[in-house]
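All of the numbers you see were taken from the coordinates with simple rules; none came from a lab. The model shown is predicted, which means the values in this text are computed figures rather than measured ones.
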Amino acid sequence: MTSLERLARLLPSSFVPGLRLQAEADDGFLRALFVTRRWEEVRAAPGWTDAQRVAFLHAQAELQQRHYALHYRSAEFLLLEHQGQPIGRLCLQVDASEVRVVDIALLPAWQGKGLGSTLLAAVLALADGQHTRCALSVEPFNPARRLYARLGFEVVSEQGLYLQMQRPLTQTCAEGAPMEP
């Protein structure tokens, strides 16, 4: 069973967006999503036009995609959709030792509505079901870091520009509760 299928079973029935595998046709959306995430950072670049900023961010999005393909070969790249329109992405790498959130992002209009929290709760249930920790990387000043801390993630190291965070095994999992299918 794929992570997509397992997540779909773990999400509450009230979770409105759908999840599907990312496709090549989604590249335009993924570039636009990347721009929304990084716009404030590059907006301050002196002497650049907005067109130059967008071109730079599109190039960065391409580099990110290549990095993920190289370093997370077995990851599942998922899109969140609402009424057939993409609204976010979730990339997961699941193996025997951990569930890693490679990337999670929502368009600004969909942030702050509990979708990320609900999705991450299902990811944590997935990790608990296979008795593994859950890990992710985050920039130190990213506001999502507060959400991760509320969900039990702890900083375990600093690696370049990113903090490595991990949610340890829950007590129930550590005691050997039965695994979920």
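A few remarks follow.
- Where the Cα pairs of segment 18-142 fall when distances are cut into 5 Å bins, in %: 2, 10, 18, 22, 20, 15, 8, 3, 1, 0, 0
- Relative contact order (percent, whole number), segment 9-115, Cα cutoff 8 Å, 6+ residue spacing: 27
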